[in-house]
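The values are calculated or read from the model by the stated rules, or taken from the named source; none is laboratory data. Not measured: the values here are computed from a predicted model. Cβ sites come from the backbone with ideal geometry, for glycine too, and all protein chains shown count toward neighbours. Protein only, heavy atoms only, side chains kept; ligands, DNA and RNA dropped before computing areas. Shrake-Rupley method; radii C 1.70, N 1.55, O 1.52, S 1.80 Å.
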Amino acid sequence: MKKLFTLSLISLSSLSFAQTVNDVPLKDIDVDYIQIIGTGRSLSTKVNVEIDFGQETKSISFKNGTNIKDERGRNVKFNSMMDALNFMSANGYSFQFAYTTNNEKDEAVYYILKKKDR
């Protein structure tokens with residue numbers, strides 16, 4: 001029983017560090033500021049969240065390097081931008097500024113965040 005409990009704790013602690021963007025763990029992104037961009041999802045109340053920390057992305061790629069991925073490589077889904085902001089706060093970032101854009105094609109919310117330990 002003790003081994004099972006210890007294994008469960010190790011598994012849970014590794015999950016909290018498993019989120020990546022462009023194959024870089026969130027906690028290891030070495031920049032002062034990042035931007036999270038939220039857009040609505042078709043036929044859903046959830047939002048798509050992308051992260052821009054100045055990373056290089058390929059213009060023609062089937063692998064999107066701006067989405068947050070979980071330990072299995074799947075996109076992390078957020079209920080709202082506040083859910084995403086709380087997630088980023090738990091991963092070492094603090095809110096600085098927000099703005100929105102709205103054009104004919106879509107609407108987006110942008111949050112500028114700063115790494116807490118800098």
For this session: Looking for whichever is open to solvent by 40 Å² or more (accessible area, probe 1.4 Å) and among the basic types (K, R) here; the options are K115, K105. Which one fits?
Result: K105
Exercise. Counting just the residues of region 27-45 that are in contact (Cβ under 8 Å) with a residue 40 or more places away in the chain and hydroxyl-bearing (S, T, Y), which one comes out most open to solvent (accessible area, probe 1.4 Å)?
Worked result: Y33
For this session: Considering each residue of region 87-118, count those that are of a type outside the set (D, E) and either assigned to a strand (DSSP E or B) or at pLDDT 95 or above (or both), and give that number.
Result: 18
Problem set entry | When residues of region 61-102 are limited to those that are surrounded by 13 or more Cβ atoms within 10 Å (Cβ to Cβ) and of a type in the set (A, V, I, L, M), the one nearest to the chain's Cα centre (by Cα) | I68
Exercise. Is it the case that region 24-34 has a residue that's modelled with pLDDT of 70 or more and either basic (K, R) or on the phi > 0 side of the Ramachandran plot (or both)?
Worked result: yes
